[in-house]
Each structure stands twice: as structure tokens, then as C-alpha cells.
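S.K.: Structure incoming, see below.
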Amino acid sequence: MHELSIAASIVEAVTETAAAYAGARVIAVRLRVGALAAVVEDSLQFCWSVTTEGTPLAGAALAVRKMPVVIHCAACGVDAEVGGVQSFRCPLCGQPAADLRQGRELEIESIEIEEPEGEALVASGEKDRR
Amino acid sequence: MTTRIVELRRGILKKNDELAAGLRARFHAAGVLVLNLVSSPGTGKTALLERTLRELLARGFRAAALVGDLATDNDARRLAASGAPVRQINTHGICHLDAEMIGKHLEGWDSLGAVGAMPSSRIAAAMNGSPAESAAAVATGAHLAALDFLFIENVGNLVCPSSYDLGEGIRVALLSVTEGEDKPLKYPTLFNSADAAVITKIDIAGPCGFDRELALRNMNEIRPGIRIFETSAKTGAGMEEWLEYLSSECTGRR
Ligand SMILES: Nc1nc2c(ncn2[C@@H]2O[C@H](COP(=O)(O)OP(=O)(O)OP(=O)(O)O)[C@@H](O)[C@H]2O)c(=O)[nH]1
Ligand SMILES: [Mg+2]
Ligand SMILES: [Zn+2]
């Protein structure tokens, strides 16, 4: 239900980053979304297209990488992926495991931009730091 | 044309997370225990809080509340009757509270002034004003550092509030006996992010055919070891244990 606010936050972050690359166009935004992030991808895709319509980000693809839940089992001393989000037990020993190591992510991994030839070297301050 | 990948590795809700971290530091410095109550609409958040505020004040604790709803100040009115300082947050269509709303509605609560039970005449006067005025008036006298507890009642929603950190110390997920024992399995994000859970309306568990064992098992499946309370805001059943937990968490954090 909050996919619209999430789409708006992505637009804000991407616009901020892309501003450092004069003349560039954003062609894709890559996200990492944990299985527990409570984000419905279809809904996010829809909100993304609506939010970016008529803006410089229009047409940019939203690539979502799903991150499964990983728990840490103290007994086995391992980090292990659990099958879904309905049970938080170590897949090796079956013990309940409350120590979550992955699965809550809701982050922008990277953006893919297209720059006109020759302009690629015109770095702004932001780009110099990278 | 050349393409390039620019690494960001930035949380989408970074702005909220940063604001929440600021709030958490502020609450910690003020020595106030903050609880964020989340559940679906109608689970009984306000009913539990009404009773909780009343009982805490009667035991000499100082408590205040912020309450989020899409619209109306009904819940703030109900809670203010306890005598505790209360502010209503209307989200105007937004399905959850976020850290910015909390920060905004705490304005003035850092200033000096004693927190105490407000005379009911003042509540009545405050409540006759516009919602904005009444919120300001009811809040008069609140001061974070003079509080033991600040309760935040979130917007009734089992999905969205789980993603937004409000700087709380304890997140409490509520489930009523009328909602079905499988809700923790259907809304794992919310129950997994909770520090404690309350099963509400246990006075009507019988007629609802509520399967207590199954509900407890499901909660433990999603959040192993979670502390679970069972209460009735109607009869007061289970309130003692809940209040005991609150006071021990409060003194434990001092
Ligand atoms: N029998 C019984 N009814 C309850 C109890 N707690 C709440 N109710 C009833 O459940 C309904 C909803 O209670 P509220 O306290 O308004 O629920 P809420 O979670 O604050 O609702 P929203 O703020 O709208 O999300 C009301 O009619 C209450 O009287 C309880 O312990 N027992
Ligand atoms: Mg309520
Ligand atoms: Zn194990």
C-alpha cells in the first residue's frame, strides 16, 4: 500500500544522484528488495511508471532483485537461507532462529545511465569523488 | 552513447531511517520509553491504550500518547480522557506514520513544563476547539524528559507501518481474537519486526472460537521467542502482566 511513497523516495534519490552526470539519461534503476520488505513488485512497478511519467526518468526500467530471508543459527554456527517468510527455523537443525541476517533490504543498488559520447569525461564534483 | 553503472547502495527509506535515528537519540537522552503500537484497524489499540494510560497514571507514572489516523480526532479524544497529554496525527490518506510526522508532532514537547494529569475541565475546553487547537491545548504541559512513557498508536494497517522506523524502543504488534490465528503467517513482516505482541479482546475468545495455542504457535513461528500478552480492555484481564512488563522495561532502560 505504501509503494507510492516508496516510488517517490526512489525518484528523489535517483534524481539527486543523476544530477551529477550532466546530459546523462537514466535507463535503469536496480533495487534489492528483501522478502520481508513488504513491497509488492507489481504495485511498485505501476507506481514507478506513474511517478516518473513526464519526468526525465520516464521510461527508466526498475530492476528488482529479490533477497531471500537468511537467518543465523547459533547452534549450527551458520547463516542459512530459509524457504519462505512463514517460518523462521534453521534449515539444518530445525531450531527457531530469531537472528535475521538478510531479508529486510529495501535499497537502491545502482543506476544505469547513458551518457552522450565525449561528455563522459566531463565529470562533476560528485563524480570526481567516486 | 556510453552507458555506465553508478553504485548507490542506499536505503530507499534512508531519509526516514535517519530521522528515526535522530528521534531515538532524543528519546534516549530524555529517558522516555517509546512504544509503537501496530495492528489492523479495530484490533483494539485505542482501547488497550485508554486502559494502559489510566492505570499507569494511577500508579504514578507519567505517560503521553501520539495517535495516528487517516482522519478524525476520535482516538485522541478517547485517550485524552485518561488525563494524559495526547496529540492526534492525521495522515490524510497516508497508510502509516513516519518519523517526520512524529518529529513534527513532538514540537513543543521539548520545552519545559510539568507533565501531569490535566483537569478534565481543560480537556473539555481543549476538545471543543478545532482539531489543531485541541491537539495543541491538550499537549500543553508535556515535556519529553518528564515522561516515563510515550505511546505511539500507528494507523490501523498490517502492512505499511512495518517499514517505517519511528525511533521507538519497543514495537508492539496487536492481534485480536476476531481476526484469525493465521494473521502472523499472512503478515510476517509486521509480526517479525515486533518486539512484543498483545492478543486483544480475550473476553470474547470463546464465542469467536479462538484457537489460542495455534495463535501462539504462529507468532512464535514468525518471531521466535517473542513476548506475548493476552488482554481484555473490557474486563481488564491480563492487564496486570502487561503493566508489569511496561514498568520493568521502563526502569530497565533507565
Ligand atoms: N469485547 C471487547 N471489545 C473490544 C476490546 N478492545 C476493543 N474492543 C472493541 O473493538 C472496537 C475497536 O476498538 P479500538 O480500540 O477503536 O481499535 P483500534 O485498533 O484503535 O482501531 P483503529 O484505531 O481504527 O485502527 C471497539 O468497538 C472496541 O469497543 C476488548 O478487549 N474486548
Ligand atoms: Mg485507534
Ligand atoms: Zn541450526
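S.K.: Near B:LYS186, which lysines are there with a Cα under 30 Å away, not counting those fewer than 8 places off in the same chain?
M.R.: Partners found: A:LYS66, B:LYS14, B:LYS15, B:LYS45, B:LYS201, B:LYS234.
S.K.: Can you list the residues, at least 5 places off or on another chain, whose amide H is less than 5 Å from the amide H of B:VAL198, using H built in the peptide plane?
M.R.: When sequence neighbours closer than 5 places are left aside, the close amide H contacts are B:ALA173, B:LEU174, B:LEU175, B:PHE229.
S.K.: Determine the sum of side-chain charges near A:LEU57: Lys and Arg each +1, Asp and Glu each -1, restricted to other residues whose C-beta is under 11 angstrom from that of A:LEU57.
M.R.: Its environment carries a net charge of -1.
S.K.: Another question, then. Between A:GLU117 and A:ALA61, what's the calculated FRET efficiency when r is the beta-carbon distance and R0 is 30 Å? Round to 0.05.
M.R.: 0.85
S.K.: Sorted by average packing, counted as other Cβ atoms within 10 angstrom per residue and highest first, what order do A:41-53, B:71-83 take?
M.R.: B:71-83, A:41-53
S.K.: Need one number: nm distance between label points at A:HIS72 and B:GLU18, each 7 Å from Cα along Cα→Cβ, rounded to one decimal.
M.R.: 2.7 nm
S.K.: Using a Förster radius of 25 Å, what is the FRET efficiency between A:ALA19 and B:GLU100 based on their Cβ-Cβ separation? Nearest 0.05, please.
M.R.: 0.65
S.K.: All other residues with a Cβ under 14 Å from the Cβ of B:PHE191 taken together, and with Lys, Arg as +1 and Asp, Glu as -1, what is their net charge?
M.R.: So the surrounding residues net to +2.
S.K.: Ballpark to the nearest 100 Å², how much total accessible area do B and A bury together, probe 1.4 Å?
M.R.: Buried: approximately 3400 Å² between A and B.
S.K.: Further question: Heavy atoms of the protein only, probe of 1.4 Å, neighbouring chains included. What is the accessible area of B:ARG87 in Å², nearest 10?
M.R.: My reading of the accessible area for B:ARG87 is about 30 Å².
S.K.: Please compute the modelled spin-label separation between A:VAL50 and B:THR72, points set 7 Å along Cα→Cβ, answer in nm with one decimal.
M.R.: If labels sit at B:THR72 and A:VAL50, their model points lie 2.6 nm apart.
S.K.: May I pose another question? For peptide A:98-104, compute the average count of partner chain beta-carbon atoms within 10 Å of each residue's beta-carbon.
M.R.: Counting Cβ atoms of other protein chains within 10 Å of each residue's Cβ and averaging gives 3.
S.K.: Let me ask you something else. May I ask for the net charge around B:HIS92, where only other residues with Cβ less than 14 Å from the Cβ of B:HIS92 are counted and Lys, Arg are +1 while Asp, Glu are -1?
M.R.: Overall, the nearby charge balance is -3.
S.K.: Something else: Measure off 7 Å from each Cα along the Cα-to-Cβ vector at B:ARG253 and B:LEU57, then give the distance between these two points in nanometres to one decimal.
M.R.: 2.1 nm
The values are calculated or read from the model by the stated rules, or taken from the named source; none is laboratory data. Keep in mind that this is a model prediction, so the values were computed, not measured. Reconstructed Cβ throughout: ideal geometry from the backbone, glycine too, with neighbour counts over all protein chains shown. For the accessible areas, the whole protein counts, side chains as well, though only heavy atoms, and no ligand, DNA or RNA atoms are used. Shrake-Rupley method; radii C 1.70, N 1.55, O 1.52, S 1.80 Å.
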